[in-house]
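Read through the structure below, which is laid out as structure tokens, and then see the notes.
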Amino acid sequence: MGAPLSGAASASGLWEALTDRAATARSALHCWVGDRFDSAPWRQVVRDAQAMTAGLRRAGVRSGTRVAAVLTNTPHAVRGVLAVWLAGGALASLPAPARGLARDEYAGQLTGICAQLGPTLFLTDQRTLDVLPASLGEHVPVRSWESFVDSGRVDPSPPGDDELAFVQYSSGSTSAPKGCALTPRAIAAQLDLVMSVLEGRPGGEVTASWLPLSHDMGMFGCLLTPWAHDFELWLSTPERFTFSPRTWFGDLAEFGATVTAGTNTALHLSARAGRSARLGRGLRTRVCVLGAERVDWDTLRLAVDAFGPHGLRAEAFTPAYGLAEATLAVTATPAAQAPRHLVLDAVALADGELVEVAPDDPAATRVVSAGLPGRGVELVGMSADAPREIQVRSASLAEGYLGDERRTREHFRDGTLLTGDLGFVRDGHLYPVGRVDDVLSVAGRKVHAREIESAVDGLDGVRRGCSALVGHYDGGGLRLTLFVELRRGPADYRALAERAAGLVMARGAVALDECVFLERNSLPRTPSGKIQRHRCWPLFSTGRFTPLATVDLAAG
Amino acid sequence: MITVDEIADLVRAEMRGKSPRKSNMDKKTSIDELGLSSLQLATIVFTLEEEHGIEVDPARAAGVRTLGDLAGLGNEALASAPR
């Protein structure tokens, strides 16, 4: 078990861990820079960060200011994170440009966030500057991290215990920016929590990660935890994983990584690739945290089959549950335990009932546990017999959503976070099963179904307010199906489905798999007329809809 | 030999049947303009690797911008693959 950052999680403990303690660390940071890993001991990383602070101060960064950043996985961005804090600023992490997302959609996201945040400065790496909308510069000075290198040092004045230190903006489709406001105290508590989940040994672990630093799993789980606890860190990039999915487990083997993290979707792809992998040195990985989306039992089995012969045990897979509102993690499977699951009736589950069935039952769905509450976390009001909204008390809770008091009041009540996620607890284990609202989590991106559906409303022939975008698992990861009621039929269903798919990609940067066209008044609704999105897939998959047409977009 | 046409077919399949933003794909077509998600691109690269029994060099991937670049990356791997 790792030593806490201090007796009680505090700003001073956090800054000490990231500076003074890291200055005596023996481990190093290795950043992928396009064609190789660039290595520097953590003590050098700290010195480089300190040497950026005078330039930042001259650019206006001081206590009480906010700095917007698109954090890409580069050596300069890593140093810049600490540099902004040491110069006194709070760092806001904005979504990185997602492949497939329309340029004007991304520009709109960044402009909206900056209008809310009021940053002193906008920072990113030189290469990302080229793809940022030019209009951004009209609102805020835009600079590269590189432009602050070796600009000199100022005395450190990082944010205090309960001051704003970090704002995590979620990626994905969202009309109103949602930035979780974190204090150093919350971050320090989270790093303690992660360390206890990992059962990590300071100075004795090797982490390998490609997760984006713009995401909470990348930032807190895979960068700050290794930094604060003297882990060796091999920091790859999402782009490298994209072009060479084998590199995730390839790196784990090559560098003898003991700790890693990823998503279910990425694990599925890696496991597919892993069947033919040559992992010469074998795998020493003790903990592979899986988060950001629901973990699929078949993917775990596929991964164990693919990597078991290379030394990876089922116990290494650590399904976890968390969200940016709690800094990162809330629950996680204990390090030495294999993931567990329950086999439930999917139709009953959609109606809010937990009915265990045989694995070969046609309605069977496997729900994987996200483990036990982490250190300092309490789940409130959960039931063993029915899904309820997951409510969390944690030392890592955000202060709320920056600049959005209404949304903060809705979700943060008397120190309890109302997550909007549904789940139940059996034998202490949390089983997340869905959402109260319309948010779909696809490979770490938040997709607001209602926004996509509003865009679909604009398509010719579609009944306004009569579509539902739903996600479901088919063993190969999350598939997205759009149910649409038509004003009149018949129509050119494929052409309409393709236009809908184009909208889904442009608005949410995710691919639609299937479009189901229905007659008027087919979609299930509440007595007040609201579409019951969660019931659509179970009803469809058990033959209780009579579609006009079903277009399988994945089949081409 | 990996051709741009072969990659274009994979792009179309991965686009779930809907039209890519660029209807005529050739070696100069920018990958970013196609409207593929990262995961779709990863699947295309992996499918090429699986079908041709190659592993692309991640150190060369940073320079890939067009379908022609991607075909070139695959063909380099093909040339250096053990026979």
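Points worth noting:
- Span from the the stretch A:414-434 Cα centroid across to the the stretch A:77-140 one, whole angstrom: 33 Å
- One equal scatterer on each Cα of the stretch A:81-161, no solvent, Debye formula: the resulting log10 I(q)/I(0) at q = 0.15, 0.27 Å⁻¹ is -0.60, -1.45.
- Within the protein assembly as shown, antiparallel bridges make up roughly 60 percent of the DSSP beta bridges whose residues both belong there.
- Estimated Rh, the stretch A:401-479: Kirkwood, alpha-carbon pairs, angstrom: 15.3 Å
- Proxy reagent accessibility, fewest Cβ within 10 Å first, across A:Cys536, A:Cys114, A:Cys515: A:Cys114, A:Cys536, A:Cys515
- Zero-based 10 Å bins, Cα pair distances in the stretch A:11-243, whole percents: 8, 35, 39, 17, 1
- Per-residue HN-Hα couplings for the stretch A:179-184 [Karplus 6.51, -1.76, 1.60; θ = phi - 60°; Hz; x = Gly/Pro]: x, 7, 8, 10, 9, x
- Separation of alpha-carbon centers, the stretch A:474-524 and the stretch A:144-170, rounded to whole Å: 44 Å
- When each of B:Met15, A:Met382 is scored by the number of other beta-carbon atoms lying within 10 Å, the sequence from fewest to most is A:Met382, B:Met15.
- With contacts taken as Cα pairs under 8 Å and at least 6 residues apart, the stretch A:239-375 reaches a relative contact order of 20 percent.
- Between amide H atoms placed 1.01 Å from N, distances below 5 Å from A:Phe317 occur with A:Cys288, all of them 5 or more places distant or on a separate chain.
- Computed log₁₀ I(q)/I(0) - Debye formula, equal Cα scatterers, no solvent, the protein assembly as shown, q 0.07, 0.10 Å⁻¹: -0.42, -0.91
- Take every Cα pair under 8 Å whose residues are at least 6 apart in sequence, average their separation, divide by the length of chain B, and the relative contact order is 37 percent.
- Whether the stretch A:219-260 is rounded, prolate or oblate, judged on the alpha carbon gyration tensor where a/c under 1.5 counts as rounded: oblate
- Ellipticity estimate at 222 nm from DSSP helix runs (n ≥ 4, -39,500 (n - 2.57)) divided over chain A, nearest 500: -8000 deg cm²/dmol
- Difference of contour (0.36 nm per residue) and Cα-Cα distance, A:Asp104 to A:Asp150: 13.1 nm
- Per-residue average of Cβ from other chains inside 10 Å of B:52-58: 5
- Looking at the stretch A:447-494, the pairs of alpha carbons with a distance over 13 Å make up 58% of the total.
- The orientation-averaged projection of the convex hull spanning the C-alpha atoms of the stretch A:440-555 amounts to 6.9 square nanometres.
- With θ taken as phi - 60° and the Karplus curve 6.51 cos²θ - 1.76 cosθ + 1.60 applied, the whole-hertz 3J(HN,Hα) list for the stretch A:306-316 is 6, 9, x, x, 9, x, 7, 9, 4, 4, 5 Hz, x standing for glycine and proline.
- For the protein assembly as shown, the number of Lys pairs separated by eight or more positions or lying on different chains, with C-alpha atoms closer than 28 Å, is 7.
- Taking θ as phi - 60° and the Karplus parameters 6.51, -1.76 and 1.60, the scalar couplings of the stretch A:128-143 work out to 6, 3, 5, 9, 6, x, 4, 5, 4, x, 6, 9, 7, x, 10, 9 Hz in sequence order, x denoting glycine and proline.
- Working note: Cα atoms of the stretch B:4-80, range along each principal axis, descending, whole Å: 34, 21, 20.
- Loop-located trypsin sites (Lys or Arg not before Pro) in the stretch A:32-99 (DSSP state other than H, G, I, E, B) with a sparse environment of at most 16 neighbouring Cβ atoms within 10 Å: A:Arg36, A:Arg62.
- Semi-axis lengths, Å, the stretch A:341-435, gyration tensor of Cα atoms, sqrt of 5 times eigenvalues: 29, 14, 9
- Taking all Cα pairs closer than 8 Å and separated by 6 or more residues, the relative contact order of chain A comes to 12 percent.
- Footprinting exposure proxy for A:Met217, B:Met25 (fewest neighbouring C-beta atoms within 10 Å first): B:Met25, A:Met217
Quick note: the coordinates plus some simple rules give every number you see, no bench work behind them. Values in this document were obtained by computation on a predicted structure and should not be read as measured data. A quick note on method: Cβ atoms are made from the backbone with ideal geometry, for glycine too, and the neighbour counts reach across all protein chains shown.
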